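S.K.: One structure, pasted below without further comment.
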Amino acid sequence: MLATLSACGQTESKQVSEKKSDLPTNNEWKTLEQSNYSIQYPSSWTPNENGQLGMKFIILSPKESPQDKFSENVNLLIQDLTGENVDLNKYVEISENQIKTLATNLDFIESKRIKSGTSEYHRLIYSADQGIFHLKYEQFYLVNKESVYVLTFTSEQNKFTDFKETGEKILNSFRLK
């Protein structure tokens, strides 16, 4: 579950400015399509599906400058719960306890159940330090059949507001098939 913490320092050599005024319009978005899900992301962001740290994908923002050491990102981890008898409530409890154990300078900001149409997921927002980075995470937990989908948007804390709109638009575009 906490593989998302380790993925946060991902870097990408592309150097493009990403400010609110530079947000792409809908026709400048791409779709990452798999047999069991799809997600949309800005064409300026770079997807990677190499399976690093057990993630299905990580989508990296472009660098803001040559000095930018962190790429904001969205990633997906799918955990098999077959035979575990773990529902969404239990998974959230387990995850929050793991985060408390492993995170440095942790601050839980929000832990909330969201119902959207016929689907339900849990949103967790927190900040923590990882190495030299002061990060803020927004995670969606969604249980479907015998799997939990953990979708995470990660940003440097001081840039979270700048990337929040794009990060949440990516998170909210996620669809299970």
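S.K.: For segment 73-91, what are the residues that are surrounded by 19 or more Cβ atoms within 10 Å (Cβ to Cβ) and either acidic (Asp, Glu) or under 12 Å from the mean Cα position of the chain (by Cα) (or both)?
M.R.: Those that are surrounded by 19 or more Cβ atoms within 10 Å (Cβ to Cβ) and either acidic (Asp, Glu) or under 12 Å from the mean Cα position of the chain (by Cα) (or both): ASN73, VAL74, ASN75, LEU76, LEU77.
S.K.: Could you say whether any residue in segment 119-126 is touching an Asp or Glu at 6+ places or on another chain (Cβ under 6 Å), of a type in the set (A, V, I, L, M), within 21 Å of ILE39 (Cβ to Cβ) and part of a strand (DSSP E or B)?
M.R.: Yes, segment 119-126 has at least one match.
S.K.: Any chance you could count how many residues in segment 147-172 are assigned to a helix (DSSP H, G or I) and of a type in the set (S, T, N, Q)?
M.R.: 5
S.K.: Do we have GLN34 as under 29 Å from LYS115 (Cβ atoms) and surrounded by 17 or more Cβ atoms within 10 Å (Cβ to Cβ) here?
M.R.: Spelling it out, it is not the case that GLN34 is under 29 Å from LYS115 (Cβ atoms) and surrounded by 17 or more Cβ atoms within 10 Å (Cβ to Cβ).
S.K.: Specify which of the listed residues (GLU165, GLU96, GLU156, GLU146) is more than 21 Å from SER35 (Cα to Cα), in contact (Cβ under 8 Å) with a residue 40 or more places away in the chain and touching a strand residue (DSSP E or B) at 6+ places or on another chain (Cβ under 9 Å).
M.R.: Matching residue, one of GLU165, GLU96, GLU156, GLU146: GLU156.
S.K.: While we're here: Tell me which residues, restricted to segment 116-163, are of a type in the set (D, E, K, R), closer than 21 Å to GLY54 by Cα and at pLDDT below 95.
M.R.: LYS145, GLU146
S.K.: Going by the structure shown, is SER65 surrounded by fewer than 19 Cβ atoms within 10 Å (Cβ to Cβ), over 15 Å from PHE153 (Cβ atoms), of a type outside the set (Asp, Glu) and under 18 Å from the mean Cα position of the chain (by Cα)?
M.R.: Answer is no for this residue.
S.K.: Report, by residue number, each residue of segment 103-124 that is more than 18 Å from the chain's Cα centre (by Cα) and farther than 27 Å from TYR41 by Cβ.
M.R.: Correct list: THR104, ASN105.
S.K.: Please find, among ASN85, ASN89, ASN75, the residue that is farther than 27 Å from THR46 by Cα and either modelled with pLDDT under 95 or assigned to a strand (DSSP E or B) (or both).
M.R.: Just one listed residue meets the conditions, ASN85.
S.K.: Additional query: Could you check segment 127-146 and list, in sequence order, the residues that are assigned to a strand (DSSP E or B) and either out of contact with any Cys (no Cβ under 9 Å at 6 or more places or on another chain) or basic (Lys, Arg) (or both)?
M.R.: SER127, ALA128, ASP129, HIS134, LYS136, GLU138, GLN139, PHE140, TYR141, LEU142, VAL143, ASN144
S.K.: Evaluate the following for PHE70: is it modelled with pLDDT of 95 or more, over 28 Å from ASN36 (Cβ atoms) and surrounded by fewer than 20 Cβ atoms within 10 Å (Cβ to Cβ)?
M.R.: Against the criterion (modelled with pLDDT of 95 or more, over 28 Å from ASN36 (Cβ atoms) and surrounded by fewer than 20 Cβ atoms within 10 Å (Cβ to Cβ)), PHE70 does not qualify.
The values are calculated or read from the model by the stated rules, or taken from the named source; none is laboratory data. All values derive from a computational prediction rather than experimental measurement. Please note: Cβ atoms are built from the backbone with ideal geometry, for glycine as well, and neighbour counts cover all protein chains shown.
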